[in-house]
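The values are calculated or read from the model by the stated rules, or taken from the named source; none is laboratory data. Only a predicted model underlies this, so the values are computations on that prediction, with no experimental measurement involved. Here Cβ is always computed from backbone atoms with ideal geometry, including for glycine, and neighbour counts include all displayed protein chains. Please note that ligands, DNA and RNA were not included when accessible areas were found on the heavy atoms of the full protein model with its side chains. Shrake-Rupley method; radii C 1.70, N 1.55, O 1.52, S 1.80 Å.
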Amino acid sequence: MNNFKIIIVEDVPLELKGTQGIIRSEIPEAIILGSAQNEKEYWALIKAELPALVLLDLGLGGSTTIGVEICRQTKEMHPAVKVLIFTGEILNEKLWVDALDAGADGICLKSGELLTRGDVVSIMEGKRLVFNQPILEKIVDRFRENVNSELMHQEAVINYEIDEYDERFLRHLALGYTKEQITNLRGMPFGVKSLEKRQNELVQKLFPNGRGANGVNATRLVVRALELRIIDVDNLYSDEE
(Lines give C-alpha, C1' and ligand atoms only; values in the text may rest on other atoms or scores of the structure.)
Protein backbone atom coordinates (compact mmCIF):
# COMPACT_ATOMS: atom_id res chain seq x y z
CA MET A 1 0.00 0.00 0.00
CA ASN A 2 1.35 3.42 -0.98
CA ASN A 3 1.61 6.31 1.45
CA PHE A 4 -1.59 8.28 1.92
CA LYS A 5 -2.81 11.21 4.00
CA ILE A 6 -5.36 10.96 6.76
CA ILE A 7 -7.34 13.24 9.07
CA ILE A 8 -8.61 11.97 12.42
CA VAL A 9 -11.81 13.41 13.86
CA GLU A 10 -12.00 12.59 17.57
CA ASP A 11 -12.97 14.75 20.55
CA VAL A 12 -11.73 12.53 23.41
CA PRO A 13 -7.98 13.12 23.96
CA LEU A 14 -7.27 9.67 25.38
CA GLU A 15 -9.05 7.92 22.51
CA LEU A 16 -7.29 10.19 20.00
CA LYS A 17 -3.94 9.23 21.48
CA GLY A 18 -4.85 5.54 21.21
CA THR A 19 -5.98 5.90 17.60
CA GLN A 20 -2.82 7.75 16.66
CA GLY A 21 -0.79 4.98 18.30
CA ILE A 22 -2.60 2.30 16.29
CA ILE A 23 -2.02 4.16 13.05
CA ARG A 24 1.66 4.85 13.69
CA SER A 25 2.44 1.29 14.74
CA GLU A 26 0.14 -0.68 12.43
CA ILE A 27 -0.26 1.59 9.39
CA PRO A 28 3.02 3.46 8.84
CA GLU A 29 1.91 4.38 5.30
CA ALA A 30 -0.68 6.73 6.79
CA ILE A 31 0.54 10.31 7.06
CA ILE A 32 -1.55 12.09 9.69
CA LEU A 33 -2.30 15.61 8.48
CA GLY A 34 -3.89 16.51 11.79
CA SER A 35 -6.76 15.83 14.15
CA ALA A 36 -9.99 17.70 14.80
CA GLN A 37 -12.21 17.80 17.87
CA ASN A 38 -15.13 19.56 16.19
CA GLU A 39 -16.58 20.68 12.87
CA LYS A 40 -14.69 23.98 12.75
CA GLU A 41 -11.31 22.34 13.20
CA TYR A 42 -12.17 19.62 10.69
CA TRP A 43 -13.17 21.96 7.87
CA ALA A 44 -10.08 24.08 8.50
CA LEU A 45 -7.89 20.98 8.12
CA ILE A 46 -9.58 19.69 5.00
CA LYS A 47 -9.49 23.14 3.43
CA ALA A 48 -5.74 23.35 4.02
CA GLU A 49 -5.02 19.93 2.48
CA LEU A 50 -7.32 17.23 1.15
CA PRO A 51 -6.72 13.80 2.71
CA ALA A 52 -7.27 10.43 1.09
CA LEU A 53 -9.00 9.12 4.21
CA VAL A 54 -11.01 10.61 7.06
CA LEU A 55 -11.19 8.51 10.21
CA LEU A 56 -14.37 9.87 11.73
CA ASP A 57 -15.85 9.50 15.19
CA LEU A 58 -19.61 10.08 15.24
CA GLY A 59 -20.12 11.32 18.79
CA LEU A 60 -18.62 14.82 18.85
CA GLY A 61 -19.32 17.18 21.71
CA GLY A 62 -22.13 14.96 22.95
CA SER A 63 -23.92 15.01 19.59
CA THR A 64 -24.19 11.98 17.33
CA THR A 65 -25.61 13.92 14.40
CA ILE A 66 -22.54 16.10 13.85
CA GLY A 67 -20.40 13.18 12.71
CA VAL A 68 -23.08 12.01 10.28
CA GLU A 69 -23.33 15.50 8.76
CA ILE A 70 -19.54 15.77 8.45
CA CYS A 71 -19.60 12.49 6.56
CA ARG A 72 -22.45 13.57 4.30
CA GLN A 73 -20.93 16.93 3.41
CA THR A 74 -17.47 15.47 2.89
CA LYS A 75 -18.76 12.87 0.44
CA GLU A 76 -20.84 15.48 -1.38
CA MET A 77 -17.98 17.95 -1.71
CA HIS A 78 -15.13 15.47 -2.14
CA PRO A 79 -16.46 12.13 -3.44
CA ALA A 80 -12.97 10.67 -3.80
CA VAL A 81 -12.19 11.11 -0.10
CA LYS A 82 -12.86 7.90 1.78
CA VAL A 83 -14.64 8.09 5.12
CA LEU A 84 -14.19 5.32 7.67
CA ILE A 85 -16.39 5.65 10.76
CA PHE A 86 -14.58 4.74 13.99
CA THR A 87 -17.14 5.06 16.74
CA GLY A 88 -17.88 4.13 20.31
CA GLU A 89 -21.62 4.19 19.57
CA ILE A 90 -21.72 0.41 19.80
CA LEU A 91 -25.46 0.06 20.47
CA ASN A 92 -26.92 2.77 18.26
CA GLU A 93 -27.81 0.78 15.13
CA LYS A 94 -29.91 3.64 13.72
CA LEU A 95 -26.81 5.82 13.80
CA TRP A 96 -24.86 3.24 11.80
CA VAL A 97 -27.57 3.26 9.14
CA ASP A 98 -27.53 7.07 9.07
CA ALA A 99 -23.75 7.02 8.55
CA LEU A 100 -24.02 4.52 5.69
CA ASP A 101 -26.80 6.60 4.11
CA ALA A 102 -24.48 9.61 4.39
CA GLY A 103 -21.94 7.79 2.22
CA ALA A 104 -19.55 6.23 4.74
CA ASP A 105 -17.23 3.65 3.20
CA GLY A 106 -17.24 1.50 6.33
CA ILE A 107 -17.80 1.36 10.08
CA CYS A 108 -15.47 0.12 12.80
CA LEU A 109 -16.75 -0.11 16.36
CA LYS A 110 -14.49 0.78 19.27
CA SER A 111 -14.77 -2.62 20.87
CA GLY A 112 -13.10 -5.99 20.45
CA GLU A 113 -10.37 -5.82 17.85
CA LEU A 114 -10.77 -2.05 17.30
CA LEU A 115 -9.14 -0.67 14.16
CA THR A 116 -6.94 -3.03 12.14
CA ARG A 117 -4.54 -2.59 9.27
CA GLY A 118 -6.78 -4.87 7.21
CA ASP A 119 -9.72 -2.50 7.62
CA VAL A 120 -7.72 0.48 6.40
CA VAL A 121 -6.11 -1.45 3.53
CA SER A 122 -9.55 -2.59 2.37
CA ILE A 123 -10.85 0.97 2.40
CA MET A 124 -7.83 2.35 0.54
CA GLU A 125 -8.06 -0.40 -2.08
CA GLY A 126 -11.59 0.69 -2.89
CA LYS A 127 -13.64 -1.87 -1.00
CA ARG A 128 -17.04 -0.61 0.05
CA LEU A 129 -18.83 -1.43 3.28
CA VAL A 130 -15.85 -2.37 5.40
CA PHE A 131 -16.79 -3.50 8.92
CA ASN A 132 -14.68 -4.78 11.80
CA GLN A 133 -15.46 -7.95 13.74
CA PRO A 134 -17.78 -6.47 16.43
CA ILE A 135 -20.17 -4.91 13.91
CA LEU A 136 -19.91 -7.92 11.58
CA GLU A 137 -21.13 -10.14 14.41
CA LYS A 138 -24.14 -7.88 14.92
CA ILE A 139 -24.86 -7.82 11.18
CA VAL A 140 -24.66 -11.62 10.96
CA ASP A 141 -26.95 -12.02 13.97
CA ARG A 142 -29.53 -9.73 12.36
CA PHE A 143 -29.15 -11.60 9.06
CA ARG A 144 -29.85 -14.90 10.81
CA GLU A 145 -32.94 -13.43 12.46
CA ASN A 146 -34.26 -12.15 9.13
CA VAL A 147 -33.64 -15.44 7.34
CA ASN A 148 -35.23 -17.49 10.13
CA SER A 149 -38.23 -15.15 10.21
CA GLU A 150 -38.68 -15.50 6.45
CA LEU A 151 -38.43 -19.30 6.68
CA MET A 152 -41.02 -19.37 9.45
CA HIS A 153 -43.30 -17.21 7.30
CA GLN A 154 -42.92 -19.51 4.29
CA GLU A 155 -43.58 -22.60 6.40
CA ALA A 156 -46.65 -21.04 8.01
CA VAL A 157 -48.09 -20.02 4.63
CA ILE A 158 -47.71 -23.59 3.38
CA ASN A 159 -48.80 -25.38 6.56
CA TYR A 160 -51.92 -23.26 7.04
CA GLU A 161 -52.71 -22.99 3.31
CA ILE A 162 -52.64 -19.20 3.26
CA ASP A 163 -53.19 -17.62 -0.14
CA GLU A 164 -52.49 -14.10 -1.39
CA TYR A 165 -55.94 -12.84 -0.42
CA ASP A 166 -55.70 -14.32 3.08
CA GLU A 167 -52.39 -12.49 3.60
CA ARG A 168 -53.78 -9.20 2.28
CA PHE A 169 -56.92 -9.56 4.39
CA LEU A 170 -54.98 -10.28 7.60
CA ARG A 171 -52.46 -7.53 6.90
CA HIS A 172 -55.15 -4.88 6.47
CA LEU A 173 -57.05 -6.09 9.53
CA ALA A 174 -53.78 -5.59 11.43
CA LEU A 175 -53.61 -2.05 10.06
CA GLY A 176 -57.09 -1.29 11.42
CA TYR A 177 -59.06 -1.51 8.18
CA THR A 178 -62.71 -2.49 8.40
CA LYS A 179 -64.06 -5.19 6.09
CA GLU A 180 -65.89 -2.49 4.15
CA GLN A 181 -62.61 -0.64 3.56
CA ILE A 182 -60.82 -3.85 2.55
CA THR A 183 -63.43 -4.55 -0.14
CA ASN A 184 -62.47 -1.23 -1.76
CA LEU A 185 -58.83 -2.24 -2.20
CA ARG A 186 -57.73 -2.58 -5.79
CA GLY A 187 -57.59 -6.23 -6.83
CA MET A 188 -59.62 -7.42 -3.84
CA PRO A 189 -62.62 -9.11 -5.52
CA PHE A 190 -64.68 -9.79 -2.40
CA GLY A 191 -67.69 -8.28 -0.73
CA VAL A 192 -68.19 -7.98 3.02
CA LYS A 193 -70.02 -11.31 3.30
CA SER A 194 -67.23 -13.09 1.42
CA LEU A 195 -64.65 -11.56 3.78
CA GLU A 196 -66.67 -12.67 6.79
CA LYS A 197 -66.68 -16.20 5.36
CA ARG A 198 -62.92 -15.97 4.74
CA GLN A 199 -62.38 -14.76 8.31
CA ASN A 200 -64.28 -17.75 9.68
CA GLU A 201 -62.22 -20.09 7.50
CA LEU A 202 -59.00 -18.48 8.76
CA VAL A 203 -60.15 -18.95 12.35
CA GLN A 204 -60.60 -22.65 11.67
CA LYS A 205 -57.15 -22.86 10.05
CA LEU A 206 -55.25 -20.93 12.69
CA PHE A 207 -57.07 -22.43 15.67
CA PRO A 208 -57.15 -26.11 14.67
CA ASN A 209 -59.12 -28.72 16.58
CA GLY A 210 -61.30 -25.98 18.01
CA ARG A 211 -58.60 -24.79 20.41
CA GLY A 212 -59.98 -21.47 21.56
CA ALA A 213 -61.70 -20.90 18.22
CA ASN A 214 -65.04 -20.02 19.77
CA GLY A 215 -65.50 -16.30 19.96
CA VAL A 216 -62.31 -15.44 18.07
CA ASN A 217 -62.65 -11.87 16.82
CA ALA A 218 -60.58 -10.04 14.19
CA THR A 219 -58.08 -8.75 16.76
CA ARG A 220 -57.34 -12.18 18.17
CA LEU A 221 -57.10 -13.62 14.66
CA VAL A 222 -54.52 -10.98 13.73
CA VAL A 223 -52.50 -11.65 16.89
CA ARG A 224 -52.46 -15.35 16.03
CA ALA A 225 -51.33 -14.57 12.48
CA LEU A 226 -48.49 -12.46 13.88
CA GLU A 227 -47.48 -15.22 16.30
CA LEU A 228 -47.31 -17.73 13.46
CA ARG A 229 -45.36 -15.25 11.25
CA ILE A 230 -48.08 -15.37 8.59
CA ILE A 231 -47.86 -11.60 8.66
CA ASP A 232 -44.88 -9.61 9.88
CA VAL A 233 -45.30 -6.74 12.34
CA ASP A 234 -42.27 -5.03 10.72
CA ASN A 235 -43.73 -5.36 7.23
CA LEU A 236 -47.28 -4.08 7.58
CA TYR A 237 -48.18 -1.79 4.69
CA SER A 238 -51.34 -0.69 3.00
CA ASP A 239 -52.13 -1.68 -0.60
CA GLU A 240 -53.28 0.99 -3.02
CA GLU A 241 -56.99 1.65 -2.82
GNM result for the chain, Cα springs below 10 Å: residue of Asp98, Asp166, Asp57 fluctuating most strongly: Asp166
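Suppose the chain between Glu76 and Gln154 were pulled fully straight at 0.36 nm per residue; how much longer would it get relative to their current alpha carbon spacing?
Difference between extended and current length: 23.9 nm.
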32 Å Cα-Cα threshold exceeded, pairs from Lys47/Lys138; Lys94/Lys179; Lys40/Lys94: Lys47/Lys138; Lys94/Lys179
Eligible aspartates and glutamates near Lys75 by straight Cα distance, threshold 20 Å, same-chain separation 8 or greater: Glu10, Glu39, Glu41, Glu49, Asp57, Asp98, Asp101, Asp105, Asp119, Glu125
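Order 7-13, 171-177 from most to least packed using the mean count of other Cβ atoms within 10 Å.
On the way: 7-13: 20.7, 171-177: 18.3.
In decreasing order of mean packing, 7-13, 171-177 become 7-13, 171-177.
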Those residues of segment 59-77 whose amide nitrogen sits under 16 Å from the label point placed on Asn38, 7 Å along Cα→Cβ: 59-67, 70
Residue with peak Gaussian network fluctuation, the chain [Cα springs, cutoff 10 Å], from Lys17, Lys193, Lys75: Lys193
Carbon/sulfur fraction of accessible area - the chain, other protein chains in place, 1.4 Å, %: 50 percent
Heavy atoms of Val157: accessible area, 1.4 Å probe, square angstrom to 10: 40 Å²
Sequence-distant aspartates and glutamates (8 or more away, or on other chains) whose Cα lies within less than 17 Å of Lys193: Asp166, Glu180, Glu201
On Cα atoms only, tilt of 218-227 relative to the major axis of the chain in degrees: 50 degrees
Cα-based shape type of segment 23-137, given that a ≥ b ≥ c are square roots of the gyration tensor eigenvalues and the cut on a/c is 1.5: rounded
DSSP-defined antiparallel bridges as percent of all bridges, segment 1-115, nearest 5: 5 percent
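For segment 39-103, with every protein chain kept in place, what is the accessible area per residue (1.4 Å probe, Å²)? Intermediate values should be presented prior to the final figure.
Values: 3090 Å² over 65 residues.
I get 47 Å² per residue for this part.
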Glu196 versus Arg142: modelled label distance in nm, points set 7 Å from Cα along the beta carbon direction: 4.5 nm
Within the chain, percent of DSSP bridges classed antiparallel, to nearest 5: 5 percent
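For segment 56-119, what percent of Cα pairs sit more than 17 Å apart? Mind dumping the intermediate values first?
Numbers: 695 of 2016 pairs.
Roughly 34 percent, once rounded to a whole number.
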Amide H contacts of Ala102 (H built 1.01 Å from N, under 5 Å, at least 5 apart or other chain): none
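Accessible area per residue, 1.4 Å probe, Å², for segment 113-241: what's the number?
On the way: 7910 Å² over 129 residues.
Accessible area per residue: 61 Å².
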Cα convex hull of the chain, projected area averaged across orientations, nm²: 17.5 nm²
